[in-house]
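To start, the structure under review is shown below, and the notes come after it.
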Amino acid sequence: MIAPNLILGSNSPYRKKLLASLGVTFTQMQPDTDETPNQEEDPRSLSLRLGVSKAESVANQLNKEARWICIGSDQVCHLERTLYGKPGTAEQAAIQLTAFSGCWVTFSTSLALINSEGQTFSAVEDYECRFRTLSSNEIATYIQLDQPLDCTGSIKVEQAGVSLLCDARGRDINSLYGLPLMLLSEALKSFSYSIFDFMKES
């Protein structure tokens with residue numbers, strides 16, 4: 001059986017790059033999702049809700065007669081229960097990284113799948129990073145180098161941001177980058193597909 005169309009419900013260039021790294025064929029679509037946290041919403045619940053919402057948003061735009069699987073994902077950075085989003089400015093990035101200095105910080109990344117038959121999957125993958133004790137000069141230099149203003153938690157670990165860390169723990173480093181690829185493979189299995197079914201050579 002020919003695999004259904006794979007749809008990435010995200011406008012993130014980082015998620016697009018991660019999914020493309022698998023060699024799968026997919027289409028990228030932009031979801032329409034309000035990312036405002038609900039009052040008293042814990043970080044993992046927020047990540048899961050937004051990931052599901054993004055998948056649903058894109059699914060609602062698609063032809064119900066076609067065969068497809070929509071992927072939604074969202075990442076929430078948190079120090080205990082305090083949320084840290086995309087900084088937007090160098091000043092906000094410096095504030096975030098100063099707060100992270102010497103601490104374990106958690107990146108909770110959700111994955112949600114919906115297919116054209118109404119089957120669903122959703123889960124959250126955590127990855128924890130311990131930041132070194134950072135000087136204000138190191139923080140300023142790093143921000144100037146990586147310009148992580150569109151990155152949750154003000155860090156690009158795949159670039160110079162890794163130098164800010166002294167330890168890490170978690171199952172899948174890709175979840176830290178923005179899309180838990182191991183979890184994606186497992187999710188597709190639950191839909192009775194292998195990740196290889198979506199490869200360009202298939």
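Per-structure values
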read-out	value
Unmet requirement for Arg130, which otherwise passes all of (1) open to solvent by less than 50 Å² (accessible area, probe 1.4 Å); (2) closer than 23 Å to Ser110 by Cα	(1)
Evaluation of Leu145 against (1) in contact (Cβ under 8 Å) with a residue 40 or more places away in the chain; (2) open to solvent by 70 Å² or more (accessible area, probe 1.4 Å); (3) in contact with a helix residue (DSSP H, G or I) (Cβ under 9 Å, 6 or more places away or on another chain) (one fails), failing number	(1)
Meets criteria (modelled with pLDDT of 95 or more and within 13 Å of the chain's Cα centre (by Cα)) for Phe100	no
Cross-chain or 6+ apart pairs with Cβ under 6 Å, the range 70-84 first and under 19 Å from Pro13 (Cβ atoms), then basic (Lys, Arg) and outside any strand (DSSP E or B)	Gly72/Lys54
Exclusive hit being part of a strand (DSSP E or B) and under 17 Å from Tyr84 (Cα atoms), set Arg130, Arg169	Arg130
Hits in the range 148-174 (condition: hydroxyl-bearing (Ser, Thr, Tyr) and either out of contact with any helix residue (DSSP H, G or I) (no Cβ under 8 Å at 6 or more places or on another chain) or surrounded by 18 or more Cβ atoms within 10 Å (Cβ to Cβ) (or both))	Thr152, Ser154
Residues of the range 13-34 classified as open to solvent by 20 Å² or more (accessible area, probe 1.4 Å) and either closer than 25 Å to Glu65 by Cα or among the hydroxyl-bearing types (Ser, Thr, Tyr) (or both), total	11
Where Leu111 falls short, out of the listed (1) open to solvent by less than 30 Å² (accessible area, probe 1.4 Å); (2) assigned to a strand (DSSP E or B); (3) out of contact with any His (no Cβ under 8 Å at 6 or more places or on another chain); (4) more than 22 Å from Ala3 (Cα to Cα)	(4)
Whichever residue in the range 35-49 is of a type in the set (S, T, N, Q) and either modelled with pLDDT of 95 or more or surrounded by 10 or more Cβ atoms within 10 Å (Cβ to Cβ) (or both) and, among such residues, is nearest to Leu111 (Cα to Cα)	Ser47
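A quick yes/no check of all residues on (1) out of contact with any Pro (no Cβ under 6 Å at 6 or more places or on another chain); (2) within 14 Å of Val105 (Cα to Cα):
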position	(1), (2)
Asp146	yes, no
Ser154	no, yes
Asp172	no, no
Leu176	yes, yes
Leu179	yes, no
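The values are calculated or read from the model by the stated rules, or taken from the named source; none is laboratory data. Remember, predicted model here, so these are calculated numbers, not experimental data. Every residue, glycine among them, receives a Cβ derived from its backbone with ideal geometry; neighbour counts consider all protein chains shown. Surface areas here come from the heavy atoms of the whole protein model, side chains and all, with no ligands, DNA or RNA. Shrake-Rupley method; radii C 1.70, N 1.55, O 1.52, S 1.80 Å.
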